[in-house]
C-alpha cells in the first residue's frame, strides 16, 4: 500500500490536472509534487518519445533495471511497454537467464546493453570494457541516451520502492507471467 494517498484530477488545481493525463499509480502519487512530476515527465517523455535510441534496446535496459531492483511496478509496466517496442517473451526470458549467468541466444548488442545496465544498477557505473563495447555499435548520442535511460530508471525504481507504489490490476498478469525468483 502506498505511503501517500493517490491523487486524482479532482484533487488538483486546474493548472496541474494535465499531470494526470496518464492515470497511472506512479503519477497519481508523484503529483503531490507538481514541479517534481513535471520534471520527471520531461525526462521520461524524452526517453520514451523523442530519443532516437532503438526502442527495443531501451526497453531491455529498463527491464534489466526493474529485474535487478525487484521492482514489481517497473517490471510489470515495462514488460507491457517492451512488447510495444519489439521485446518478445523470449527476449524477456533471455534477460532473466542472462541475469542468472545462463547462456542465451540474445544478439551481442542486446547482451552488451544488459551488461551495462547491470553494472550501472549494481556497481553505479558501466565498466570501461562495457562502455567500449557499446561505443562499437552506438553513436555518441545513442550511448548518452542509453546511459541517461539507465540512470533515470535507477532513480525511478528507488522512488517506487520508497513510496510503495502499487501495481495496478491490469499489470498483475505480467508479474504472474514473469515472476521474480524467490529470495
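Determine, yes or no, whether residue 55 is over 10 Å from the mean Cα position of the chain (by Cα), at pLDDT 95 or above and under 27 Å from residue 169 (Cβ atoms). Considered against the rule, which asks whether it is over 10 Å from the mean Cα position of the chain (by Cα), at pLDDT 95 or above and under 27 Å from residue 169 (Cβ atoms), residue 55 comes out as yes. Could you please let me know if residue 111 is at negative phi, touching a residue at least 12 places away in the same chain (Cβ under 8 Å) and part of a helix (DSSP H, G or I)? Yes: the conditions hold for residue 111.
Annotation note: of 106, 95, the sole residue that is closer than 25 Å to residue 181 by Cβ, in a helix (DSSP H, G or I), touching a helix residue (DSSP H, G or I) at 6+ places or on another chain (Cβ under 7 Å) and modelled with pLDDT of 95 or more is 95.
Residue check: residue 141 meets all listed conditions (1) crowded, with 17+ Cβ neighbours inside 10 Å; (2) assigned to a helix (DSSP H, G or I); (3) more than 13 Å from the chain's Cα centre (by Cα) but one, namely (1). Evaluated against (1) at pLDDT 95 or above; (2) surrounded by fewer than 20 Cβ atoms within 10 Å (Cβ to Cβ); (3) in contact with a helix residue (DSSP H, G or I) (Cβ under 9 Å, 6 or more places away or on another chain), residue 77 falls short on exactly one condition, (2).
Run down 4, 20, 60, 53 and say which single residue is farther than 30 Å from residue 130 by Cα and surrounded by 14 or more Cβ atoms within 10 Å (Cβ to Cβ). Spell out the reasoning first.
Details: 4 fails: surrounded by 14 or more Cβ atoms within 10 Å (Cβ to Cβ); 60 fails: farther than 30 Å from residue 130 by Cα; 53 fails: farther than 30 Å from residue 130 by Cα.
Result: 20 is the single residue among 4, 20, 60, 53 that is farther than 30 Å from residue 130 by Cα and surrounded by 14 or more Cβ atoms within 10 Å (Cβ to Cβ).
The values are calculated or read from the model by the stated rules, or taken from the named source; none is laboratory data. Everything numeric here is computed off the predicted structure, so don't read it as measured data. Neighbour counts are summed over all protein chains in view; Cβ atoms, including those assigned to glycine, are modelled from backbone coordinates with ideal geometry.
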